[in-house]
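Quick notes on the structure that follows.
Every read-out reported here was derived from the displayed coordinates using simple, explicitly stated rules and does not represent laboratory data. Computed from a predicted structure; not experimentally measured. A quick note on method: Cβ atoms are made from the backbone with ideal geometry, for glycine too, and the neighbour counts reach across all protein chains shown.
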Amino acid sequence: MSPHKPRILFVEDHDDTRELLSLVLREHYEVATAATVEDSLKLARQGKFNLFIFDSWLPDGYGVDLCKLVREFDRHTPILFYSGLSQKSDRDIALRAGAQGYLVKPVEVPELLQAVSELIIRYSRSTLELNAAKPIRLAASADSL
């Protein structure tokens, strides 16, 4: 098992929810938190994350817009919405914006942990498969030029 925990960026504007769920997630993962689109983008650009978890409504914008912005520079890290919006159309919009999962609040902790784990594992496997399928480029020696 890897000595490094997978990294999650958890974006939630409600302080109590952010603190409680980040505490639960930290039992298994390294967690960075943000409460705004602006702070989320800064963190997402700075660090390598294995998963993003986004709320739908943030003080300075919408989770769907954040998702689209993140997809401009990170097309591979899975995104899970953890949202109070419960309509099928809300889920569909998030998935079309680039998310891989959508949970409606409130969610029992085991269900949240299962969704997080499945997305991280699926992403890790697909990344390994993609990397394994890539040809290896060898540096040309000066003699062969």
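Residue-wise test of (1) buried (at least 20 other Cβ atoms within 10 Å of the Cβ); (2) under 14 Å from Ser56 (Cα atoms).
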residue	(1), (2)
Arg7	no, no
Phe10	yes, yes
His14	no, yes
Glu19	no, no
Ser22	no, no
Leu25	yes, no
Ala32	no, no
Ala35	no, yes
Ser40	yes, yes
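Within the set of pairs 6 or more residues apart or between chains, which connect a residue that is within 23 Å of Ser117 (Cα to Cα) inside region 31-44 to a residue that is among the β-branched types (Val, Ile, Thr) with Cβ atoms less than 7 Å apart?
Within 7 Å, the pairs are Val31/Ile8; Ala34/Val11; Ser40/Val11; Ala44/Val70.
Kindly indicate the residue of region 1-42 that is in a helix (DSSP H, G or I) and of a type in the set (A, V, I, L, M, F, W, C) and also nearest to Val107 (Cα to Cα) among those meeting that condition.
Just the residues of region 1-42 that are in a helix (DSSP H, G or I), to begin with: 15-25, 37-42.
Among the residues that remain, those that are also of a type in the set (A, V, I, L, M, F, W, C) are: 20-21, 23-25, 37, 41.
Values: Leu20: 13, Leu21: 11, Leu23: 15, Val24: 13, Leu25: 14, Val37: 23, Leu41: 25 Å.
Per the stated criteria, the residue is Leu21.
Give the residue that is surrounded by the most Cβ atoms within 10 Å (Cβ to Cβ), with candidates limited to residues of region 58-86 that are without any contact (Cβ under 8 Å) to a residue 24 or more places away in the chain and in a loop (DSSP other than H, G, I, E, B).
Among residues in region 58-86 that are without any contact (Cβ under 8 Å) to a residue 24 or more places away in the chain and in a loop (DSSP other than H, G, I, E, B), the one surrounded by the most Cβ atoms within 10 Å (Cβ to Cβ) is Ser86.
Could you list, in sequence order, all residues of region 105-127 that are out of contact with any His (no Cβ under 9 Å at 6 or more places or on another chain), farther than 18 Å from Val11 by Cβ and either in contact (Cβ under 8 Å) with a residue 40 or more places away in the chain or surrounded by 12 or more Cβ atoms within 10 Å (Cβ to Cβ) (or both)? Step through it out loud before you land on a result.
Just the residues of region 105-127 that are out of contact with any His (no Cβ under 9 Å at 6 or more places or on another chain), to begin with: 105-112, 114-115, 118-122, 124-125.
With farther than 18 Å from Val11 by Cβ added as a condition, the list becomes 108-111, 114, 118, 121-122, 124-125.
If the condition is that a residue be out of contact with any His (no Cβ under 9 Å at 6 or more places or on another chain), farther than 18 Å from Val11 by Cβ and either in contact (Cβ under 8 Å) with a residue 40 or more places away in the chain or surrounded by 12 or more Cβ atoms within 10 Å (Cβ to Cβ) (or both), then Val109, Gln114, Glu118, Ile121, Arg122, Ser124 are the ones that fit.
Give the residues of region 40-71 that are charged (D, E, K, R) and within 12 Å of Gly98 (Cβ to Cβ), sorted by residue number.
Correct list: Asp65, Lys68, Arg71.
Would you confirm whether any residue within region 93-104 is crowded, with 18+ Cβ neighbours inside 10 Å, of a type outside the set (Ser, Thr, Tyr), in a helix (DSSP H, G or I) and more than 15 Å from the chain's Cα centre (by Cα)?
Within region 93-104, one or more residues are crowded, with 18+ Cβ neighbours inside 10 Å, of a type outside the set (Ser, Thr, Tyr), in a helix (DSSP H, G or I) and more than 15 Å from the chain's Cα centre (by Cα).
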